[in-house]
Amino acid sequence: LANHGPMVLGSDLKEAFSTMWFLTRACQYQVQAMAAVGGDLARLNLPDNAKRQEMEQRAQNFDSAGPTATTTAKERHEFDTAALMWDCARREAERHFGAD
């Protein structure tokens with residue numbers, strides 16, 4: 001699959017879609033950062049270990065404000081990032097191409 005772009009897996013289509021979206025954004029940021037320094041990686045301003053650990057912790061807790069034992073199904077969906085992203089993309093596609 002060389003030169004065909006990234007490939008992702010998910011437990012369902014919603015998860016695969018959100019993973020692809022985040023991966024694509026990360027790649028765009030990397031290309032922009034490398035272009036900004038002319039490809040010289042030594043010129044990139046990388047975060048120190050403390051900042052990297054903070055970012056990793058935030059990423060792990062991305063949906064952690066979510067459901068509890070008393071959360072309703074509707075409220076649970078509000079904290080499902082993959083489902084929210086998928087619903088948004090589906091609505092946008094339906095607006096553009098039609099619902100059928």
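Assorted remarks:
- Surface accessible to a 1.4 Å probe, per residue, for the residues of the stretch 1-56, Å²: 85 Å²
- Descending principal axes extents, the stretch 1-57, alpha-carbon based, whole Å: 39, 31, 14
- Estimated FRET transfer efficiency (A35, A99; beta-carbon r; R0 35 Å; 0.05): 0.35
- Computed from backbone phi with θ = phi - 60° and the Karplus coefficients 6.51, -1.76 and 1.60, the 3J(HN,Hα) list for the stretch 50-55 is 4, 5, 5, 5, 4, 5 Hz; x is used for glycine and proline.
- In Å², nearest 10: area of F17 left accessible to a 1.4 Å probe: 60 Å²
- Carbon + sulfur, % of accessible area of the stretch 1-52 - ligands and nucleic acids excluded, 1.4 Å: 60 percent
- In a fully extended conformation the segment linking N49 and A89 would gain 10.9 nm over its present Cα-Cα distance, using 0.36 nm per residue.
The values are calculated or read from the model by the stated rules, or taken from the named source; none is laboratory data. Fair warning: this is a prediction, and the values are worked out from it, not measured in the lab. So basically every Cβ, Gly included, is an ideal-geometry build from the backbone, and we count neighbours across all protein chains shown. Each accessible area value is taken on the protein alone, full model and side chains, heavy atoms only, with ligands, DNA and RNA left out. Shrake-Rupley method; radii C 1.70, N 1.55, O 1.52, S 1.80 Å.
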